[in-house]
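Nothing in this text is a laboratory measurement; each read-out follows from the coordinates by a stated rule. Computed from a predicted model, the values in this text were never measured in an experiment. Using ideal geometry, Cβ is built from the backbone for each residue, glycine included, and neighbour counts are taken over all protein chains shown.
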Amino acid sequence: MSEAWSINHWSRPIHSPTNVFASFLVGFVLLGGGCSSDTSAPKSPGIHGEITVSAAASLTEAFTALAKDFEAKNPGTQVVLTFDSSSTLSAQIVEGAPANVFASADQANMTKLAGKGLLAGTPAVFARNQLAVITKPGNPEQINSLADLAHAGVISLCGQDVPCGTFAAQALAAAGVTIKESAVTRGQNAKATLNAVTEGDAVAGIVYATDALAAGNRVHVVNIPASQNVIADYPIAVLAPAAKQTAASQAMAKAFKSFVLSRAAAKRLKEFGFLPPA
Amino acid sequence: MNRARQRPPVAVVAAALLAVGFFTLPLVGLLQQVTWSNLAADLTTPEAAEAIRLSLVCSLAAVALAAAFGTPLAWFLARSDFPGRPLLRGLVLLPMVLPPVVGGVALLSAFSLRSPVGGWLNNAFGIQLTFTTWGAILAETFVSMPFFVITAEAAFRTIDRRYEQVAATLGARRTTVFRRVTLPSIAPSLAAGAVLTWARALGEFGATITFAGNVAGRTRTLPLSVYLALEADRQTAIALSLVLLVISLVVLVALRDRWLSRL
């Protein structure tokens, strides 16, 4: 081995082994989500154990709160959450990611999983969402409508095949607005798209109204009129059990789905700006 | 020679084979997913061609910047002695272990339009780094330059300084010594560092998408393109990944034999 490949020189001051170990642990917990212990027989008929829920990035705040509510109501349960764009999540599930529940920001990705026989039971819509334009606080570029996005500078949109990107394209088409692709930066999910405006130099973006609300005073929100807006259905479904999944996790997955469809959950979702299902 | 021919311990071989399997299995899995008949078509779509071109431009520019600024920095780290040197080296190498997305956020805090430096660049010279190819180059340089610096620093440390001293006693000026003695003797190491830097820059994703954004034709390099295409146009994503993989593998294998083995 030549010294060019040697790493002796920097082995001292860096703490990477700890980081690697930590991420290994996290990964282990995530992967192990579906098959946690149920070796000891449950003393109560109640549910217990751990499930993994794959939820659309736009559900980050709402589902974090819902998971806490669920865990508080059902001691001995743990809900592991993983967030990304619905299209990324559904691709992961197709590839065999061991999730128990899928909450999508559109019907298309749910239908995709149903088509592959990956759902247990039928999906149910638990919330709806709409789009909003966000700008920097104080709206320095004076953006007041979708039309103003056409020549404002770089606009942050979700990837063309990510639900919020598809919906944004529909809204822009409804408003008859075209933005040059060279003036568009594409986020991998709703949160990344928002961050390009809050952290980066994007002039404005189109995200879900709930994301805009969650961003608080980090953004200025411009509402999109109903005639141009897109209403997105959020369906939830229990996923078909993977080979090693226990009956306990399947039961808990069903319980979590019922909980998300409950009145208590509906109240929570409303707090985060979601619309009730039609 | 005899020692080298001794049979290695079984446990070592077994562990080594496991490691080999661990590295190759995912690659084999990727290769299995390639639709070979469509490969040419997948790679010549305007989007794919644009991403490949942009990736080459950005990664080569990053290597040039890393070499131009990394060589003096490596010399400084290797040849001068001052109290804060371990800290400085840690700082320089930090991007190697920092999550690239965090690197991107850090770059934004320094060079976005609302940051002091980025704002000044824009006001004074009309330069905007975010959402431009320069931004993508900067992000790649930030993440990949440490590879150049550690390799070059090691080289500066290990060369026999007597040659330099002899050259100096024979009346050569410092710049002449550096150009005619030091540089030629560390050239293979610098080349190796450049190759590693280039390979890292080519695969850069997190810092680029966070800092420079994901703009078609400007900052959407191969890895960003792969990520966007992954769900919708899987074949293109896999074809593009294959390009990244083949380029990196060919270069690493070829240059390792040619340059690194001489060290």
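May I ask you to compute the full-extension gain from B:A168 to B:R180, defined as 0.36 nm times their residue separation minus their alpha-carbon distance, rounded to one decimal in nm?
Extra length from B:A168 to B:R180 when fully extended: 3.2 nm.
Tell me, what is the percent relative contact order of segment A:131-222, built from C-alpha pairs under 8 Å that lie six or more residues apart?
46 percent
Considering the convex hull of the alpha carbon atoms of segment A:106-262, report its projected area averaged over all viewing directions, in nm², one decimal.
That works out to 10.7 nm².
Can you sort B:R79, A:R128, A:R263 so the residue with the fewest Cβ neighbours within 10 Å comes first?
The most exposed by this proxy come first: A:R263, B:R79, A:R128.
Please work out the Cα convex hull volume for chain B and give it in Å³ per residue.
196 Å³
Per DSSP H run of n ≥ 4, the term is -39500 (n - 2.57); total these for the protein assembly as shown, divide by its residue number, and report the mean residue ellipticity at 222 nm rounded to 500 deg cm²/dmol.
It lands at -17500 deg cm²/dmol.
Convex hull volume of the Cα atoms in the protein assembly as shown, per residue, in Å³?
205 Å³
Lysines within cross-link reach of A:K136: Cα-Cα under 19 Å, excluding same-chain residues under 8 positions apart?
A:K191
With each pseudo-label sitting 7 Å past Cα toward Cβ, what's the A:A65-A:H151 distance in nm, one decimal?
Modelled inter-label distance: 4.2 nm.
On a full-extension model of 0.36 nm per residue, what is the gain between B:W120 and B:A40, subtracting their alpha-carbon distance, rounded to one decimal in nm?
Gain on extension, B:W120 to B:A40, equals 24.3 nm.
Using only Cα atoms, figure out Rg for segment B:102-163 and give it as a multiple of 2.2 N^0.38 Å.
Segment B:102-163 yields a ratio of 1.58.
Once you have a ≥ b ≥ c as the square roots of the Cα gyration tensor eigenvalues for segment A:131-222, tell me rounded if a/c is under 1.5, and otherwise prolate or oblate according to whether a/b is larger than b/c.
Judged from the Cα gyration tensor, segment A:131-222 comes out rounded (a/c under 1.5).
Please give the contour-minus-distance gain from B:Q235 to B:V12: 0.36 nm per residue of separation, less the Cα-Cα distance, rounded to one decimal in nm.
Answer, rounded to one decimal: 76.4 nm.
By a straight-distance test (C-alpha under 19 Å), which lysines pair with A:K68 as possible cross-link partners, with residues fewer than eight away in the same chain excluded?
List returned: A:K254, A:K257, A:K267, A:K270.
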